[in-house]
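A.B. asks: Questions regarding the structure given below will be posed in turn.
The values are calculated or read from the model by the stated rules, or taken from the named source; none is laboratory data. In this text, all values refer to a predicted model and were calculated from it rather than measured experimentally. Cβ sites come from the backbone with ideal geometry, for glycine too, and all protein chains shown count toward neighbours.
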Amino acid sequence: MSLSSREESDSVRWQIVLRTTLLFGEERAIANREEIEMVSSAIHRLKRLNVNALIALKPETQP
Amino acid sequence: MEKLAERLPATLKEIHATDKEIEAWVALDDDFVLQQAALIDERLESGEALPLAGVTVGVKDIIDVNGIPTGAGFAPFAERMPARDAHAVSLLRRAGALILGKTVTTQFAVSDPSKTKNPWDLERTPGGSSAGSAAAVSAHHADIALGTQTGGSVLRPSAYCGIIGFKPGFGWTSTDGIIPYATSLDTLGIHARTVAEAARIYDVLARPELPRVGDCTPIGPPRLAVWADGLAHSTEMMRAAVIDAIEALANESAVIQHTVAPLSFDNLIAAHTIISRAEGASTHSDMIFAHPDDYAPGARSMVETGMALPADVYVRAQQIRDHVRREALTLWSSFDAIAIPSSESVAPDLSTTGNHGLQAIATLLGLPSITLPIGFNPEYLPLGIQLIGTHPQADAHLLRVARWVEDELGVVLPRPPHGIQKKKKK
């Protein structure tokens, strides 16, 4: 079963929240909310790119 | 000819007077400066050839200068006295440059605002992280300054302060003696008021195998590529100013074409975000536990979140970066430089150091980049155009292209008295 983009995004965010909480405690995970959002969004973007296909990378956008 | 040791007391007095408001310096000791001046005078009298004789230098406070602590904006480092000069500082001294002192950095060269104000408007940021370096050169405290760039920390403050900011290609000189953050991104950079001055410093600092700029003869008219996705990430006013500048260059016979990047702007920034967080976390993984409360909020957040990143994500970001870098070399090989705005907007208020997105693309790809002032907005705040070189070792070529652009646009901003006057009126 594959995750939808939204489900994958949520999953990525919760993984980062969980890891931050384990390392630094719940308080820091809350304090880092904005940063966690930024990093989770970046991870989600990179996961959506097919790295193997990048060997034949072509410009994504046209002017 | 007047000796340095005779000229400098008046210069120092003026710096101290204006720096009460700008706060560009974290360490500026008159005795330290005058002792160096006397030594340089002696070397000149003995007939020594000094290519940078008497050039005054500000050094960002993450770069070691023998005799001054390297504080990095971090309280536990307040007494961190280096054993020797950073490699770049030692090369400058050998060439006869005079180190004035240490300039304010945001903590560990990250994003939390520093105390430094923009000389053009004291209620605005000079940018970051090389805040004091850009402000000191803009205010004519120093002829040049050293900064570092991991995202946009040389170009953005230079653009906000209306000066030249040059970040050569990755690995152009040793980073020995510089406190790291993200080791595959960190690059020493130069703040100056003219392209020729930046080139003069480059020639002293660059690794021996890299081509020199020499007299910085302009190369032109150049072939410039405008990257629409980059333009789109700036304010309407900034975009219009940069397009005007590009049209002016086209009128002087520059060949202007449009280009795309191998990957979208947002995906490139995503890769930069992951790489900088992961490598920053690696650098700080011990100290964050030893001194958590001494970290500024932004720096602490970045390290903590970086430590929570899965390793496969970092590897993926590096793979994407490598592919893009290779593709960009081919895609952009027929151009002398890529043109985009230097920053998203003019300098914002003091609550932020601004957005690093437009400067981070060249850092991610290891390409040289330079910002040049192109004028002011209606509030008399500097605007800048960024030129990105199309090969990691095209530093000298980019400087010559920038020299042509500088000559044709004819914009070298004057000393900024306006910020200080504006505040005094209130």
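A.B. asks: Quick test of your reading of the structure: B:T353 fulfils all but one of (1) within 14 Å of chain A (Cβ to nearest Cβ); (2) of a type outside the set (G, A, S); (3) in a loop (DSSP other than H, G, I, E, B). Name the failing condition by number.
C.D. replies: Checking B:T353 against (1) within 14 Å of chain A (Cβ to nearest Cβ); (2) of a type outside the set (G, A, S); (3) in a loop (DSSP other than H, G, I, E, B), the one that fails is (1).
Results for (1) farther than 28 Å from B:L381 by Cα; (2) of a type outside the set (S, T, Y), shown as yes or no for each residue.
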| position | (1), (2) |
| --- | --- |
| B:L155 | no, yes |
| B:K167 | no, yes |
| B:S174 | yes, no |
| B:L188 | no, yes |
| B:V195 | no, yes |
| B:Y202 | no, no |
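A.B. asks: Where in chain A are the helices (runs of 4 or more DSSP H), entirely inside, with at least 3 residues that are over 24 Å from B:R300 (Cβ atoms) and at pLDDT below 90?
C.D. replies: Fully inside chain A and qualifying: A:5-24.
A.B. asks: Looking at the stretch B:18-71 only, could you name the residues that are closer than 24 Å to B:F108 by Cα and of a type in the set (A, V, I, L, M, F, W, C)?
C.D. replies: Correct list: B:I22, B:A24, B:W25, B:V26, B:A27, B:L28, B:V57, B:V59, B:I62, B:I63, B:V65, B:I68.
A quick yes/no check of all residues on (1) closer than 22 Å to B:C161 by Cβ; (2) at pLDDT 95 or above:
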position	(1), (2)
B:A196	yes, yes
B:I201	yes, yes
B:R212	no, yes
B:P221	no, yes
B:V226	no, yes
B:I243	no, yes
B:A248	no, yes
B:H258	no, yes
B:P262	no, no
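A.B. asks: Considering only residues of the stretch B:14-66 that are aliphatic (A, V, I, L, M) and in a loop (DSSP other than H, G, I, E, B), which is surrounded by the fewest Cβ atoms within 10 Å (Cβ to Cβ)?
C.D. replies: So, considering only residues that are aliphatic (A, V, I, L, M) and in a loop (DSSP other than H, G, I, E, B), the one surrounded by the fewest Cβ atoms within 10 Å (Cβ to Cβ) is B:A49.
A.B. asks: State yes or no: is B:H356 surrounded by fewer than 19 Cβ atoms within 10 Å (Cβ to Cβ), closer than 23 Å to B:T259 by Cα and at pLDDT 95 or above?
C.D. replies: no
A.B. asks: Also: Would you mind listing the helices (runs of 4 or more DSSP H) fully within the stretch B:231-318 where at least 3 residues are within 26 Å of the chain's Cα centre (by Cα) and either within 10 Å of chain A (Cβ to nearest Cβ) or free of Cβ contacts under 8 Å to residues at least 24 places away in the same chain (or both)?
C.D. replies: Passing ranges, in order: B:236-251, B:265-284, B:297-307.
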